[in-house]
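Data first, discussion second: the structure below is written as structure tokens.
The values are calculated or read from the model by the stated rules, or taken from the named source; none is laboratory data. Remember, it's a predicted structure, so these values are computed and weren't measured experimentally. Cβ: placed from backbone, ideal geometry, glycine included. Neighbour counts: every protein chain shown.
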């Protein structure tokens with residue numbers, strides 16, 4: 001069976017009982033399947049290295065057309081596809097395995113960064129359709145496990161010959177207190193549908209002054 005999209009979210013961390021990214025992924029997958037999109041989902045541990053390894057194993061197994069990893073961005077108020085992953089681990093708090101790397105590379109001798117291969121601007125534009133969901137292109141995925149997974153995903157897709165043609169990227173969702181997970185899920189489903197049907201990104205401004 002050909003898989004259209006692999007969606008991942010994270011387990012809870014920092015003492016929270018739930019993670020809005022995993023909640024949103026489960027709801028989005030249901031909506032996508034109802035629309036005929038073959039969807040696989042995966043809950044990742046909040047652990048440097050391990051999360052990216054588990055996602056890589058799933059990508060190799062399913063070989064989807066798209067990979068959309070998601071994570072929680074507390075403090076943000078909209079759904080934000082990430083533009084770039086950077087090759088650094090710099091943890092303000094320990095991950096769920098107790099690791100707190102500081103100024104370490106994600107991949108030794110790897111590129112400084114990787115751009116998303118998803119049409120992030122077109123995905124954000126799709127959020128303006130009725131009913132609208134707040135969102136914008138983000139210029140930073142941080143330096144915690146979200147960025148770690150994003151970088152490892154893009155490195156995998158860029159360097160493993162058997163995965164050529166698979167597009168991937170990362171989307172941050174807000175905490176449920178800022179945006180209900182149902183709306184985040186609606187946004188994810190809409191962005192996946194847009195990415196599946198869009199090869200070239202929209203030529204619109206999506207930058208930021210800071």
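Listing for the model above:
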{"read-out": "Enumeration of residues in the range 1-12 that are closer than 18 Å to residue 148 by Cα and in contact with a strand residue (DSSP E or B) (Cβ under 8 Å, 6 or more places away or on another chain)", "value": "6, 7, 8, 9, 10, 11"}
{"read-out": "Those residues of the range 1-26 which are within 10 Å of residue 42 (Cα to Cα) and in a strand (DSSP E or B), in sequence order", "value": "6, 7, 8, 9, 10"}
{"read-out": "Every pair of residues 6+ apart whose Cβ atoms lie under 7 Å, when the first sits in the range 118-132 and is on the phi < 0 side of the Ramachandran plot while the second is part of a loop (DSSP other than H, G, I, E, B) and modelled with pLDDT of 95 or more", "value": "120/83; 120/137; 121/137; 124/136; 124/137; 127/133"}
{"read-out": "Residue within the range 140-159 that is surrounded by fewer than 19 Cβ atoms within 10 Å (Cβ to Cβ), within 23 Å of residue 64 (Cβ to Cβ) and free of Cβ contacts under 8 Å to residues at least 24 places away in the same chain present", "value": "yes"}
{"read-out": "Qualifying residue in the range 31-39 (condition: under 23 Å from residue 179 (Cβ atoms) and buried (at least 21 other Cβ atoms within 10 Å of the Cβ))", "value": "yes"}
{"read-out": "Some residue of the range 29-45 being farther than 15 Å from residue 168 by Cβ, over 18 Å from the mean Cα position of the chain (by Cα), in a helix (DSSP H, G or I) and free of Cβ contacts under 8 Å to residues at least 40 places away in the same chain", "value": "yes"}
{"read-out": "Extreme residue, surrounded by the most Cβ atoms within 10 Å (Cβ to Cβ), among residues of the range 187-201 that are assigned to a helix (DSSP H, G or I) and in contact with a helix residue (DSSP H, G or I) (Cβ under 7 Å, 6 or more places away or on another chain)", "value": "188"}
{"read-out": "Criterion (over 28 Å from residue 53 (Cα atoms) and either touching a residue at least 40 places away in the same chain (Cβ under 8 Å) or loosely packed, with under 14 Cβ neighbours inside 10 Å (or both)) met by exactly one of 173, 204, 181", "value": "204"}
